[in-house]
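Report on the structure given below.
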Amino acid sequence: MFFYTYVLVSLKDSRFYMGYTSDLRRRMEEHNSGKSFATKSRRPFRLVYYEACLNKNDAENREDYLKSTIGRKYLSKRLRNFKKQTQNFCLLK
């Protein structure tokens, strides 16, 4: 079983949301259908990045890292081509 750390971008406010889950498709549906309180007002979302881990703790730790200052800088570099393609998005507000 895999655990996924993921990054979504809101098509409404261009901000990112980071989380982890064991079922990425189900979680995307929850975010986009308004079943997640944290993201309900910011939908719809687009998946822009994910990583797969074999261990739940590794996925949780990776989520924490990506939310840190260093992790946000890593994501900004990692998603630089995405940023170029979508000039209207402001990365990691």
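Assorted remarks:
- Basic side chains Lys and Arg get +1 at the Cβ, acidic Asp and Glu get -1 at the Cβ, and with that the dipole of the stretch 3-93 about its Cα centre reaches some 480 debye.
- Accessible surface ranking that places the most exposed of ARG42, ARG78, ARG15, ARG25 first, with a 1.4 angstrom probe: ARG25, ARG78, ARG15, ARG42
- Each label was represented as a point 7 Å from its Cα along the Cα-to-Cβ direction; for SER33 and ARG78 these points are 2.8 nm apart.
- Normalised by the number of residues in the stretch 13-53, the mean separation of alpha-carbon contacts (under 8 Å, six or more apart) gives a relative contact order of 29 percent.
- Number of Lys pairs (Cα under 17 Å; 8 or more positions apart or on different chains) in the chain: 13
- Where only C-alpha atoms are counted, convex hull volume of the chain per residue in Å³: 91
- For the pair THR86 and ARG25, label points projected 7 Å from Cα toward Cβ lie 2.2 nm apart.
The values are calculated or read from the model by the stated rules, or taken from the named source; none is laboratory data. Predicted model, so just to flag it, every value in this text is computed and none were measured. Please note: Cβ atoms are built from the backbone with ideal geometry, for glycine as well, and neighbour counts cover all protein chains shown. Side chains included, ligands, DNA and RNA excluded: accessible areas come from the protein's heavy atoms. Shrake-Rupley method; radii C 1.70, N 1.55, O 1.52, S 1.80 Å.
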